[in-house]
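Working notes, structure below.
Throughout, read-outs are computed from the coordinates displayed, never taken from laboratory work. Remember, predicted model here, so these are calculated numbers, not experimental data. Cβ: placed from backbone, ideal geometry, glycine included. Neighbour counts: every protein chain shown.
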Amino acid sequence: MEAYPGNHRAFCIRAYYRNGDSIVSVQRLYRAEFNVRNARKDDTIRKWIRMFENTGSSYISCSICNAKFKNKTKL
């Protein structure tokens, strides 16, 4: 099981762009949306945003995982 579900990552990325690139706003909205006391750390949110901007995905890729995936998808 992954530590941060995809819907949480997507919510944070969308909120970041919709709220003037404000990490603090993202954290406030995150707490309200998911009814939690503590939002994700600002470094975590920034990492997701950098990954999204660089790759189009918020997931961190792994060269071993990518190699296995490529081998399975070849015809």
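Using unit Cβ charges (K, R positive; D, E negative) and no other charged atoms, how large, in debye to the nearest 20, is the dipole of the range 15-61 about its Cα centre?
180
Compute the distance in nm between two label points, each set 7 Å from the Cα along the Cα-to-Cβ direction, one at Ser22 and one at Asn35.
2.5
Does the range 1-46 come out rounded, prolate or oblate by the C-alpha gyration tensor, with a ≥ b ≥ c the root eigenvalues, rounded set by a/c under 1.5 and, if not, prolate when a/b is larger than b/c and oblate if not?
Because a/c hits 1.5 or more and a/b exceeds b/c, the range 1-46 counts as prolate.
Which order do Lys41, Lys47 fall in if you start with the one that has the fewest other Cβ atoms within 10 Å?
Starting with the residue having the fewest Cβ neighbours, the order is Lys41, Lys47.
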